[in-house]
1. Assume the label is 7 Å from Cα along Cα to beta carbon: what separations in nm does A:ALA142 have to the matching positions in the other copies?
2. Can you list the copy-to-copy distances for B:ASP156, using a point 7 angstrom from Cα toward Cβ, in nanometres, shortest first?
3. What's the carbon and sulfur percent of chain A's accessible surface, probe 1.4 angstrom, rounded to a whole number?
4. Nearest 20 debye, what's the magnitude of the dipole of chain A about its Cα centre given +1 on Lys and Arg Cβ and -1 on Asp and Glu Cβ?
5. Where the Cα atoms of chain A are projected onto their three principal axes, how long is each span, largest first, in whole Å?
6. What's the buried accessible area, both sides, between B and A using a 1.4 Å probe, rounded to 100 Å²?
7. Would you mind getting the accessible area per residue of the stretch B:108-239, heavy atoms of the protein chains only, 1.4 Å probe, in Å²?
8. When the scattering of the stretch A:159-232 is computed by the Debye formula from its Cα atoms alone, each counted once and equally, what is log10 I(q)/I(0) at q = 0.20, 0.24 Å⁻¹?
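The values are calculated or read from the model by the stated rules, or taken from the named source; none is laboratory data. For clarity, every value in this text was computed on a predicted model and none was experimentally measured. All Cβ positions, even for glycine, are placed from backbone atoms using ideal geometry, and neighbour counts span all protein chains on display. We work out accessible area using only protein heavy atoms, side chains counted, and drop any ligands, DNA or RNA first. Shrake-Rupley method; radii C 1.70, N 1.55, O 1.52, S 1.80 Å.
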Protein chains: 2
Amino acid sequence: MLEGMTTRDPRAAGLARLAGLIADETRAVCLLALLDGRAWTAGELARHAGVAASTLSEHLSRLVAGGLLAEERQGRHRYVRLADATAAQLVEDLAARVAPGDVRRPRTLRQAGAGSAMARGRTCYDHLAGRLGIAVTDALTARGLLRQDTGFALTDAGLRWFDAAGIALDRRGRRPLARACLDWTERRPHLAGAAGAALCGHALRAGWCVRIGSGRAVRVTDTGERALSELLGIGAAVLR
Amino acid sequence: MLEGMTTRDPRAAGLARLAGLIADETRAVCLLALLDGRAWTAGELARHAGVAASTLSEHLSRLVAGGLLAEERQGRHRYVRLADATAAQLVEDLAARVAPGDVRRPRTLRQAGAGSAMARGRTCYDHLAGRLGIAVTDALTARGLLRQDTGFALTDAGLRWFDAAGIALDRRGRRPLARACLDWTERRPHLAGAAGAALCGHALRAGWCVRIGSGRAVRVTDTGERALSELLGIGAAVLR
DNA sequence: CGGATGCTTCGGCGCCCGCCGAAGCATCCG
DNA sequence: CGGATGCTTCGGCGGGCGCCGAAGCATCCG
């Protein structure tokens, strides 16, 4: 056989290998969990995924070797997190393409409860998502601070708004300031990129919102309601 | 075992299945080849990938069933193409993340020749790439028609430029007008999205550039050099 | 109509990979 | 120091999947 083979694209092997990292349901479970942007221990992920610790250990080694995860050893714990923003974006992009019909809806009450908290507000890697993320994105757009019609970019007024709000934007890196991230529960784009990260970081630091328990869901505080109302004209009702 | 399993993310199975479609080198070869945006027959792809027709037939069925490819039967031929722009973007995004060290450089003279033609100018799904794509993107940016510093979006002046050049933009669909696509050979972003597609389509229709043979490489014509110089101030030397 | 061409189906083979539990190592803590 | 905890390594098992060639079907063409 073969011989007739012409010039296989040299990227194919790497592409298949990269996709292969995500092409396992247990690893996919881990990557989606890590989308909260925080570090998990190997044991937490093993329990979360429902497999033996030994099994998960090997999965983590592959994901780290493949560059999707970064690890940090602390004593007898192995902490892993998504390697960087581009890794997070990759998982997001793939997850966003998954046909909505392919996701099974949660069944138990407890899951439904957690689900509705997540739908209200959560972090998506390092930016805000859920109705909260959408509300912020919509408000920025309505006020002419963010353009969505011709792409996805901050306007000059948007740059001034961040400056006036005292939210520092890191414009040195290669990371784009504004980027669209498709919201899983809302099925609409919300603000990601360096600006989205800065805004989320500020919101958590300033107490505009706090994490619920140990998950990625967040709740808007009274302080946060006032700030979002003053700075962006977001009504409290939208966030409930 | 198990029992301890908590709430696996319902998207995990779909995510793994989707990634699994790309996680095979032969299928990856096909997807990368199809990034030229045109339709290939099953036989062409089999020869290109260097596998038996029967093997490739099954691969195509899986890719079609998974929604990444669209097929069209004509007589005894089975034509396939990327299902839509989002499928193309998915493959691009994944390929862009492949570590540059992972791609082996071409070796033979013939491959090197094809490579340099590809590096000069080519189509990337439905927009321009290679030095040509970069030159156009840079020129649009330098003239204030495209913003890259705060995201990736056309400016109002950019909208007027397309209008004045007689290039119709389809703004009805959900597809973003401007989007960044990481150029494989240049390692820098070039213009994709509805505007990139419109520009590329116009360039081919107006004879600004023509396809070289049956591949995805394109060559800029004399007409094209004049047009690009007049409309965007692109010097001919850049395109060589 | 009959041979050539393109694709698909099928059976069979072999490899890869995900899974587990047992055993071992490192770390922490009383 | 010794037991508990967390992680890793190893052997073994089973299933899935990619590969092929042979055979069969549809289409095209002389």
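1. 4.2
2. Copy-to-copy label distances for B:ASP156: 1.1 nm.
3. 51 percent
4. Details: 35 positive and 24 negative charges, 93 e Å.
That gives chain A a dipole magnitude of about 440 debye.
5. Ordered largest first, chain A gives principal extents of 67, 46, 40 Å.
6. Details: alone 13990 and 14010 Å², together 22390 Å².
Roughly 5600 Å² of accessible surface disappears when B and A pair.
7. Here the residues of the stretch B:108-239 average 46 Å² of exposed surface.
8. Ignoring solvent entirely, the Cα scatterers give -1.03, -1.27.
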